[in-house]
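Notes for the one structure printed next.
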Amino acid sequence: MTETVISSPTREVVIGHDRAFTVIGERINPTGRKVLAAEMQAGDFSRVEADAVAQVEAGAHMLDVNAGIPLADEPAILAQTVKLVQSLVDVPLSIDSSIVAALEAGLAVYEGKALVNSVTGEEERLEQVLPLVAKHGAAVIAITNDETGISEDPDVRFEVARTIVNRAADHGIPAADVVVDPLVMPIGAMRGAGRQVFTLVRRLRDELGVNTTCGASNVSFGLPNRPGINAAFLAMAISNGLSSAITNPIEGEIRSAVMAADVLAGNDPDCAAWIASHRDPGGTQGAARGRRGGRRGRRGGSRDDG
Amino acid sequence: MADATNDAPDDHLDDDVDDIDLSSLDDDDLVEQMHDDLYDGLADEIAEATQLLLDRGWDPQDVLSKALVEGMRIVGIDFRDGILFVPEVLLSANAMKAGMKLLRPLLAETGAEQIGKVVIGTVKGDIHDIGKNLVGMMLEGAGFEVIDIGINNDADAYLAALEEHRPDILGMSALLTTTMPYMKVVIEELGKRGLRDDYIVLVGGAPLNEEFGSAVGADAYCRDAAVAAETAEALVLARRAAA
């Protein structure tokens, strides 16, 4: 099965279909976060620092870093943010911008193998972003739209994905380093939005052999109790083969749904991660204790499923 | 209205509505009922009631303003306040459309003045349209005639649409930090041709903010579809008052 390896200087994350789902924390993104945008533009990164640490503590395997602030020097701010986040946490990053110069600036300072977010099927984007990804030996998120827009027909989006994978290959980027985003539309405005994604991620896995990711929270746009929808969506998408998502790990419901989906998909061996994070803390020793206090010696070192 | 929203299944709604004989209501109650039916997104009932009012000799302009626009105003308020949600507003807008279908030819005939006309579209390089469509529907709900020119519009496309339709308002949408600066290009082009003051320019989209709106020279930035409808109405009325 396809494995996409993303790394920081000290940590490797493997996105893959027979593995635990990869959660990419979405919070470091000033879009729609007025205060964060103003602070980042003014050079105050305290909220970025807090978001980075909190998301990793909440179980994010990677973090997405975006500095899309209107009228700001996005390349400079993105580079600064990437550096800062890498100095605080050791998880690999996804460098997120729709401005090629910003991706370039972020990649230039990034240590490790980054995930570039993103390229689309638009000719101009392919020609600008793919050489950059190849030059830095990075992986890339491929968004399944082209010049004609976002097709409502999953077959068309599948073909856009195929085109991007082929074009990436022309630049020496293997299919394993292309993580396809099937594009999640708001279910509140489009009844088939969920089914489209489920069909697509399954086909992308089975026919194109690529890993997949998505901005999961978009599905619940305009609805109440968004975490409830996001959580169910992720569990359903995972059961259809989605292998990573950019989402909010701090939301307990989402974290819980993703972990449970891993268990049920058979990707959490011996349900170890699930048990470790849900052990009844009611006992006098608390959650940290684990099964039977003693006899650790017999078990020590026998588990390594990281 | 309260019953309908508390009891979940759709089929219940239908039963409920079937119980009301719209033709038996007097004008005031019928208009009240239309407000409720718009709120509940019942297109058939709105079409029926619209026709009833017309048959009773109502002026199409009054049907529009007192029944449809007023009903959608209530929808807009509850959407803004987080009581109604996107799928519900889409249903309401759809019901409004069913009424408008009957009214539009009559309004055109009588030459009645609409609250205003809007040309709306997503800027060049950007193919996102769900938010823009929602804004279009809310504007229609507020009584505007909306000409939607779709996605990926360059300055020429906007200018051609403005020239053809002579709207009061130009609305531009963008969802990407790379595409939103194009709004400035369009507004500058309007300026070059001496047309800037002919139109109210509204901008919106997830990555935008108030500051960006004024920096590109728009008349207003609209945070969401409900705000867009409110702002459009306020600015058009202010302009008419000033004229």
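The values are calculated or read from the model by the stated rules, or taken from the named source; none is laboratory data. From a predicted model like this one, the values you see are computed outputs, not experimental measurements. Here the Cβ positions follow ideal geometry from the backbone for every residue, glycine too, while neighbour counts run over all protein chains shown.
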Starting from the stretch B:90-112, take each residue that is in the same structural domain as B:Asp59 (by TED's automatic domain parsing) and over 25 Å from B:Phe79 (Cβ atoms) and list its partners that are of a type in the set (A, V, I, L, M) and not in a helix (DSSP H, G or I), counting only C-beta distances under 9 angstrom and pairs at least six apart or across chains. B:Leu106/B:Ala112
Return only the number of the condition from (1) exposed (fewer than 12 other Cβ atoms within 10 Å of the Cβ); (2) at pLDDT 60 or above; (3) farther than 15 Å from B:Val63 by Cα that B:Asp26 does not satisfy. (3)
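Could you please give the count of residues in the stretch A:162-214 that are outside any loop (DSSP other than H, G, I, E, B), hydroxyl-bearing (Ser, Thr, Tyr) and within 19 Å of the chain's Cα centre (by Cα)?
Count: 1.
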Could you grab me the full set of residues in the stretch B:107-129 that are within 14 Å of chain A (Cβ to nearest Cβ), farther than 19 Å from B:Thr231 by Cα and small (Gly, Ala, Ser)? B:Gly125
Residue hits (the stretch A:208-264; within 14 Å of chain B (Cβ to nearest Cβ) and in contact (Cβ under 8 Å) with a residue 24 or more places away in the chain) are A:Gly215, A:Ser217, A:Asn218, A:Val219, A:Ser220, A:Phe221, A:Gly222, A:Leu223, A:Gly228, A:Ile229
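Look through the stretch B:82-106, keep the residues that are among the basic types (Lys, Arg) and either surrounded by fewer than 16 Cβ atoms within 10 Å (Cβ to Cβ) or on the phi > 0 side of the Ramachandran plot (or both), and return whichever of them is farthest from the other protein chains (Cβ to nearest Cβ).
Only one residue fits best here, namely B:Arg104.
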Quick count over the stretch B:94-132, residues being assigned to a helix (DSSP H, G or I) and within 22 Å of A:Leu183 (Cα to Cα), is 3
How many residues are without any contact (Cβ under 8 Å) to a residue 40 or more places away in the chain and under 19 Å from A:Gly215 (Cα atoms) if we restrict to the stretch A:8-54? 7
